[in-house]
Amino acid sequence: MIKYVASDLDGTLLRNGAQSLDAEVFDLIRRLKEKGIHFIAASGRQYDNLYRLFEPVQDEISYVAENGSLCVHDHKVISRGLIDRDLGIRIIKAARKFPNYHCLLSCESTSYTDSEDPRFMDHMQNVLKYKIEKVPDLLDIDEPFLKFAVLDFDGTNETEPFFREQFSSEITVVTSGNLWVDFIVPNANKGSGLADITRYLGISLKDGIAFGDQFNDIELLEAAGTGYAMADCAPGVEKHADRQTESVERILREILN
């Protein structure tokens, strides 16, 4: 029996670069709730951004944000994962070696960058609509580090191998979307976040389905009772899923019907 649905956003519910959800998604979430099926948004995005994306149903769902480093239900933080400060500083310094790499530091209060590129700030504020603060130097931020992400507008073919070689022995390095490389604390990912939320709600992991398309979704797909990889997922992600689909909404309609 299905008791929850968990879904990634970018490349999964948000298709072809879309930055707002179709109104049908909110209707489907409401109809799922009527049948006792709880919806969980699972994303590398910050909680504030996710909360606003789901505005019509924002208080009716749960959130696995920052790739599982911040899990929230009913405005209560259920779990969080933190990156060692020394490691975070080394990631920042490594990114600075490349002027086309833009570093994003996620903390619980907001996200920070010290990028001087106006294109990056425009992308974060006006495209992704992030809550973000530009600071002179990320090394001066003294809040606990939830997540790091590095964007290269040319894609991840250069960034992912570089950072994987440098840091994969200390932290999980994965692609997220087509432009981002994410650094995820080893004991916090979308799968562990899903486990934390379902445990809190008293739901078994096997009683639900999950959707994703990138390597930061692998643990989510493996943790759920049934994992759906998107048909155009990053090559190899489908090996960690039970099924594939071209549309999350189509599967949700099938469940409801």
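The values are calculated or read from the model by the stated rules, or taken from the named source; none is laboratory data. Only a predicted model underlies this, so the values are computations on that prediction, with no experimental measurement involved. Quick reminder, even Gly has a Cβ in these numbers, built from the backbone with ideal geometry, and neighbours come from all protein chains shown.
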Report task. Output the residue which, of all residues in region 1-43 that are over 21 Å from R199 (Cα atoms) and among the small types (G, A, S), is surrounded by the most Cβ atoms within 10 Å (Cβ to Cβ). Result -> G11
Requested in this report: State the number of residues belonging to region 1-34 that are assigned to a loop (DSSP other than H, G, I, E, B), of a type in the set (D, E, K, R) and over 21 Å from T226 (Cβ atoms).
Outcome: 1
Report summary line: Scanning region 95-126 for residues that are under 17 Å from I141 (Cβ atoms) and among the hydroxyl-bearing types (S, T, Y), the one surrounded by the most Cβ atoms within 10 Å (Cβ to Cβ) turns out to be S106
Report summary line: The condition from (1) modelled with pLDDT under 95; (2) touching a strand residue (DSSP E or B) at 6+ places or on another chain (Cβ under 7 Å) that G155 misses is numbered (2)
Query raised in the report: Going by the conditions given, is T172 within 17 Å of the chain's Cα centre (by Cα) and polar (S, T, N, Q)?
Result: yes
Requested in this report: Kindly establish whether E60 is modelled with pLDDT under 95, among the charged types (D, E, K, R), surrounded by 15 or more Cβ atoms within 10 Å (Cβ to Cβ) and touching a Lys or Arg at 6+ places or on another chain (Cβ under 7 Å).
Outcome: no
Requested in this report: Might you let me know whether region 81-98 holds any residue that is under 27 Å from F26 (Cβ atoms) and part of a loop (DSSP other than H, G, I, E, B)?
Outcome: no
Report task. State all residues of region 197-249 that are of a type in the set (K, R) and over 26 Å from L179 (Cα atoms); if no residue qualifies, say none. Result -> R199, K206
Query raised in the report: When you look at A241, is it at negative phi and within 17 Å of the chain's Cα centre (by Cα), yes or no?
Result: no
Query raised in the report: List the pairs whose first member sits in region 149-176 and is buried (at least 19 other Cβ atoms within 10 Å of the Cβ), whose second member is part of a helix (DSSP H, G or I) and of a type in the set (F, W, Y), and whose Cβ atoms are under 7 Å apart, counting only residues at least 6 apart or on separate chains?
Result: V150/F163; L151/F120; V173/F163; V173/F167; V174/F215; T175/F215
Report summary line: Filter region 63-94 for residues that are in contact with a Ser or Thr (Cβ under 9 Å, 6 or more places away or on another chain) and among the small types (G, A, S); the one that is surrounded by the most Cβ atoms within 10 Å (Cβ to Cβ) is G68
Report summary line: Given the conditions (1) within 15 Å of the chain's Cα centre (by Cα); (2) at pLDDT 95 or above, every one holds for E165 apart from (1)
Report task. Mind telling me which of the residues D217, D213 ends up being buried (at least 21 other Cβ atoms within 10 Å of the Cβ), within 15 Å of A65 (Cα to Cα) and among the acidic types (D, E)? Result -> D217
Report summary line: For region 197-231, the count of residues that are free of Cβ contacts under 8 Å to residues at least 40 places away in the same chain, under 16 Å from D10 (Cα atoms) and not in a helix (DSSP H, G or I) equals 3
Query - Residue that is surrounded by the fewest Cβ atoms within 10 Å (Cβ to Cβ), among those in region 232-257 that are in a helix (DSSP H, G or I), in contact (Cβ under 8 Å) with a residue 60 or more places away in the chain and of a type outside the set (D, E, K, R) - result: L256
